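Each remark here refers to the structure printed beneath this line.
The values are calculated or read from the model by the stated rules, or taken from the named source; none is laboratory data. Every value quoted in this text rests on a predicted model; they were computed, and no experiment measured them. Methodologically, a virtual Cβ is constructed for each residue, glycine included, from the backbone with ideal geometry; neighbour enumeration extends over all protein chains shown. Surface accessibility is based on the protein's heavy atoms, side chains included, excluding ligands, DNA and RNA. Shrake-Rupley method; radii C 1.70, N 1.55, O 1.52, S 1.80 Å.
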Amino acid sequence: MIIDQHTSLYGVVGYPVRHSLSPAIHNAAFAAKGINAVYLAFETMDIEGVMRATRSLGIKGMSVTIPHKSSVIPFLDKIDRLAEEIGAVNTVVNQDGCLVGYNTDATGALKALEQKIDLKGRDCLIVGAGGAARAIGHILKEHGVRLTITNRTPFKGESLAERLDCSFIPWEERDGCKPDIVIQTTPIGMTPKIDECPLPGNAIKRGMTVMDIVYNPARTRLLKMARAKGCTTISGVSMFVYQGVEQFRLWTGIEPPVRFMEKTVKKALAKAGMGR
Ligand code: ATR
């Protein structure tokens, strides 16, 4: 790759951010499509400064990650309707000096699900009530999915259920729900605690579609159990790939090299010993 006076700059801002797979996925996609651009990681708490630099340096696009997804909003010129409803932005597009915020955590999760299941009219149990649950809940509701939330802390689960105008079931009763789709949005099962599972065995039945947003490891204990019971499974790797795919589409307007981006992430995870 040649870096020259025409090279465009993209990046991810977060704290911490050194573990991020976003540089790998986007640099690979730029190279595959012959786009003269580089994507870097900016580890800082100064989100206002980064947004100012995005304008002044003409950085074309930024991924925004923890802890800046909500605090970035006041520094943008425009915000997409869905991102505004969710209250979080993970993607900034610099449209000739106008900074526009989007949420591809939501659209990426939707794409990952739509590869495997027709969503309309389905029942879905969302496990957890944090930022990821809020993003996924909003977009699924818009696509005609009937939602139920369960969460360890009842107050947080009930307030998300109220916001999404859906039902809440207490954590202790989460195995009593028999939905078409289960989406697990907590960190349970993530490296190093890979033996933990957010749902008891009797909560998973043959024919369900089970998605886990954890991507390290790629096959969590929950997904292994679901696979063994004959469920359709969707890994956090798929959701991660599609949030990146949707970012690439917003930034470049070019059809993203999806399979290549997926392969790049799997390779990077395998290299880090998290590909299984
Ligand atoms: P994110 O923005 O990534 O979704 P978050 O906002 O910190 O992360 O939310 C984490 C979610 O995982 C919450 O629903 C949290 O439950 P509480 O509201 O009870 O804190 C859930 N969570 C985290 N660790 C958990 C654990 N060990 N058992 C059950 N739920 C857990």
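Summed over the stretch 154-184, the residues that are within 23 Å of Glu85 (Cα to Cα) and either small (Gly, Ala, Ser) or open to solvent by 20 Å² or more (accessible area, probe 1.4 Å) (or both) give a count of 13. Close Cβ contacts (under 9 Å, 6 or more residues apart or on different chains) running from residues in the stretch 199-219 that are at positive phi to residues that are not in a loop (DSSP other than H, G, I, E, B) comprise Gly207/Thr232.
Only a single item in (1) more than 15 Å from the ligand (Cβ to nearest atom); (2) farther than 30 Å from Asp46 by Cα; (3) open to solvent by less than 10 Å² (accessible area, probe 1.4 Å); (4) of a type in the set (Val, Ile, Thr) is not met by Ile126, and it is number (1).
Of everything in the stretch 238-269, what is of a type in the set (Asp, Glu) and either in contact (Cβ under 8 Å) with a residue 40 or more places away in the chain or closer than 12 Å to Asp105 by Cβ (or both)? Give them in sequence order. Of everything in the stretch 238-269, just one residue is of a type in the set (Asp, Glu) and either in contact (Cβ under 8 Å) with a residue 40 or more places away in the chain or closer than 12 Å to Asp105 by Cβ (or both), namely Glu246. Against the condition open to solvent by 20 Å² or more (accessible area, probe 1.4 Å) and under 17 Å from Ile183 (Cβ atoms), how does Arg134 come out, does it pass? Yes.
Please go through the stretch 143-160 and give me each residue that is away from the ligand (no atom under 12 Å from the Cβ) and touching a strand residue (DSSP E or B) at 6+ places or on another chain (Cβ under 7 Å), ordered by number. Selection gives Val145, Arg146, Leu147, Thr148.
When Gln95, Gln115 are checked against the criterion of being assigned by TED's automatic domain parsing to the domain that holds Leu250 and of a type in the set (S, T, N, Q), Gln95 stands alone in meeting it. Checking each residue in the stretch 2-30 for being loosely packed, with under 13 Cβ neighbours inside 10 Å and touching a strand residue (DSSP E or B) at 6+ places or on another chain (Cβ under 8 Å) picks out Ile3, Pro16, Arg18.
Taking the conditions (1) within 17 Å of the chain's Cα centre (by Cα); (2) within 16 Å of the ligand (Cβ to nearest atom); (3) within 17 Å of Val210 (Cβ to Cβ) in turn, Ala135 satisfies each one other than (3). In the stretch 172-199, the qualifying residues are those that are in a strand (DSSP E or B) and aliphatic (A, V, I, L, M), and the one that is nearest to the ligand (Cβ to nearest atom) is Ile183. Scanning the stretch 98-111 for residues that are touching a helix residue (DSSP H, G or I) at 6+ places or on another chain (Cβ under 6 Å) and farther than 20 Å from Ile183 by Cα turns up Gly101, Tyr102.
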